[in-house]
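Written below as structure tokens is the structure these notes are about.
The values are calculated or read from the model by the stated rules, or taken from the named source; none is laboratory data. The structure displayed is predicted, hence computed values, not measured ones. Note that each Cβ is placed from the backbone with ideal geometry, even for glycine, and that neighbours are counted across all protein chains shown. Accessible surface is based on the protein model in full, side chains and every heavy atom, while ligands, DNA and RNA are left aside. Shrake-Rupley method; radii C 1.70, N 1.55, O 1.52, S 1.80 Å.
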Amino acid sequence: MNILFINGSPKVNKSASGMLLDELRDYMQDHAIVQYSLNVNKKPDSLLLQSLSEQDIIVISFPLYVDSIPSHFLYYLTELENYLKYNSSKAVVYAIINCGFYEGHQNRHALEILKIWCEKANLKWGQGIGIGAGGMLAGLGNVPKGKGPRKNASAALLELASNAAEKRSGKDIYASPNFPRFLYKIMGDIGWRTQAKRNGLKTKDIFLQR
């Protein structure tokens, strides 16, 4: 089975989107997987477009931006849609969206947009996963899969891997971290203050209204 992973993160390295795809790859080792990381400054290259018709499975992973698809990746999807209108593909699409919100269900609107995109591009929708606290998960590389804060996300990825291996459809899954919400908020507040200090700002500057 030919599987294409598309990493839609604007980050070149150490993105949550890439980490989630890497874990999914571990669950699908028996299949031929090609991973493509987009260049946000260029159109989809010809190799990617040509490979679309050869894929059995396409897995799309990206971060949530303002409850939707990041503009740079939306542009890519538009280009892929235009290509697929004239070059059919048998692929089934699965998606993994992560967000900075604690609750995974914050990704639901972006998943609905992707389902509409699949219809426009003549692709079959398989299943979507919405994962909360993506920024935190990206920093948990040393935590084993399925353990600690990664437990719910790993379970969702394992189910998606099982469905994708059989080209089955499944219900969308929304996973929040196995970590107290109030501690996640505290960590986020500390993170904002640390970044502000690093950029020469004080805490009060964060709350300035102009």
Would you pick out the residues in the stretch 1-47 that are surrounded by 14 or more Cβ atoms within 10 Å (Cβ to Cβ) and assigned to a loop (DSSP other than H, G, I, E, B)?
-> M1, G8, S9, P10, K11, S15, M28, H31, L38, V40, P44
Which one of the conditions (1) modelled with pLDDT of 95 or more; (2) more than 25 Å from E81 (Cα to Cα); (3) open to solvent by less than 60 Å² (accessible area, probe 1.4 Å); (4) among the aliphatic types (A, V, I, L, M) does L137 fail to meet, given that it meets all the rest?
-> (1)
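Among the residues of the stretch 70-79, is any in a loop (DSSP other than H, G, I, E, B), in contact (Cβ under 8 Å) with a residue 24 or more places away in the chain and either open to solvent by less than 70 Å² (accessible area, probe 1.4 Å) or of a type outside the set (S, T, N, Q) (or both)?
Going residue by residue through the stretch 70-79, those that are in a loop (DSSP other than H, G, I, E, B) are 70.
Subsequent filtering for residues that are in contact (Cβ under 8 Å) with a residue 24 or more places away in the chain retains 70.
Those left that are additionally either open to solvent by less than 70 Å² (accessible area, probe 1.4 Å) or of a type outside the set (S, T, N, Q) (or both): 70.
Yes - at least one qualifying residue is present in the stretch 70-79.
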Quick one: which residue in S154, S169 is small (G, A, S) and under 21 Å from E23 (Cβ atoms)?
-> S154
Any helices (runs of 4 or more DSSP H) falling wholly within the stretch 130-210 and containing at least 2 residues that are of a type in the set (A, V, I, L, M) and closer than 30 Å to Q55 by Cβ | 151-165
Of all residues in the stretch 168-188, which are open to solvent by 60 Å² or more (accessible area, probe 1.4 Å) and among the charged types (D, E, K, R)?
-> R168, K171, R181, K185
Can you name the condition, by its number, that K120 falls short on among (1) in contact with a helix residue (DSSP H, G or I) (Cβ under 6 Å, 6 or more places away or on another chain); (2) within 23 Å of Y184 (Cβ to Cβ); (3) open to solvent by 60 Å² or more (accessible area, probe 1.4 Å)?
-> (2)
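Given the options T194, T203, name the one that is touching a Lys or Arg at 6+ places or on another chain (Cβ under 7 Å) and either surrounded by fewer than 15 Cβ atoms within 10 Å (Cβ to Cβ) or more than 30 Å from D30 (Cβ to Cβ) (or both).
Every option except T203 fails the conditions.
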Report whether or not Q50 is open to solvent by 50 Å² or more (accessible area, probe 1.4 Å) and in a loop (DSSP other than H, G, I, E, B).
-> no
Exactly one of (1) in a helix (DSSP H, G or I); (2) open to solvent by less than 70 Å² (accessible area, probe 1.4 Å) is unmet by S61. Its number?
-> (1)
